[in-house]
1. Just one of ARG92, ARG54, ARG87, ARG34 is touching a helix residue (DSSP H, G or I) at 6+ places or on another chain (Cβ under 6 Å) and either at pLDDT below 95 or basic (Lys, Arg) (or both); which is it?
2. Could you identify the single residue in ILE76, ILE21, ILE61 that is in contact with a Ser or Thr (Cβ under 7 Å, 6 or more places away or on another chain) and β-branched (Val, Ile, Thr)?
3. Looking at HIS39, HIS25 in this structure, which one is out of contact with any helix residue (DSSP H, G or I) (no Cβ under 6 Å at 6 or more places or on another chain), free of Cβ contacts under 8 Å to residues at least 24 places away in the same chain and surrounded by 14 or more Cβ atoms within 10 Å (Cβ to Cβ)?
4. Would you pick out the residues in the stretch 85-103 that are surrounded by 16 or more Cβ atoms within 10 Å (Cβ to Cβ) and of a type outside the set (Ser, Thr, Tyr)?
Amino acid sequence: MPAPLEERLNLMRSLMWDYNIAPEHCLEVLEGKREKAGHYTETTLFRKLLESYRWFTILKIIPPERILDLLTDNVIRSLRFKSLSERYAFIRKELYRTLQTSG
């Protein structure tokens with residue numbers, strides 16, 4: 001379950017510390033309610049999130065069902081580090097299995 005809005009906004013502020021992009025816009029992009037936040041698309045912003053935060057922090061920002069939507073093969077392949085790609089390929093498989101079982 002995602003954290004309260006203010007905590008999620010603070011996490012987005014920290015993620016985007018070097019850009020003058022509203023954290024609200026970033027959340028809207030990740031939620032699929034907005035096309036872009038600054039120059040970031042849904043895919044590029046999600047990739048930045050994966051490369052910057054630990055898994056349990058990401059779960060505070062985005063619900064698992066939405067993560068599963070965003071965690072595509074292309075995103076996994078585009079991660080900078082092979083270890084991250086392998087980790088998120090495993091997470092996607094487990095998340096899919098868990099969500100299929102529970103819902």
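The values are calculated or read from the model by the stated rules, or taken from the named source; none is laboratory data. Remember, it's a predicted structure, so these values are computed and weren't measured experimentally. A quick note on method: Cβ atoms are made from the backbone with ideal geometry, for glycine too, and the neighbour counts reach across all protein chains shown.
1. ARG34
2. Working: ILE21 fails: in contact with a Ser or Thr (Cβ under 7 Å, 6 or more places away or on another chain); ILE61 fails: in contact with a Ser or Thr (Cβ under 7 Å, 6 or more places away or on another chain).
Result: ILE76 is the single residue among ILE76, ILE21, ILE61 that is in contact with a Ser or Thr (Cβ under 7 Å, 6 or more places away or on another chain) and β-branched (Val, Ile, Thr).
3. Details: HIS39 fails: surrounded by 14 or more Cβ atoms within 10 Å (Cβ to Cβ).
Only one candidate passes the filter, namely HIS25.
4. From the stretch 85-103, those surrounded by 16 or more Cβ atoms within 10 Å (Cβ to Cβ) are 85, 88, 91-92, 95; that's our starting set.
ILE91, ARG92, LEU95 - these are the residues of the stretch 85-103 that are surrounded by 16 or more Cβ atoms within 10 Å (Cβ to Cβ) and of a type outside the set (Ser, Thr, Tyr).
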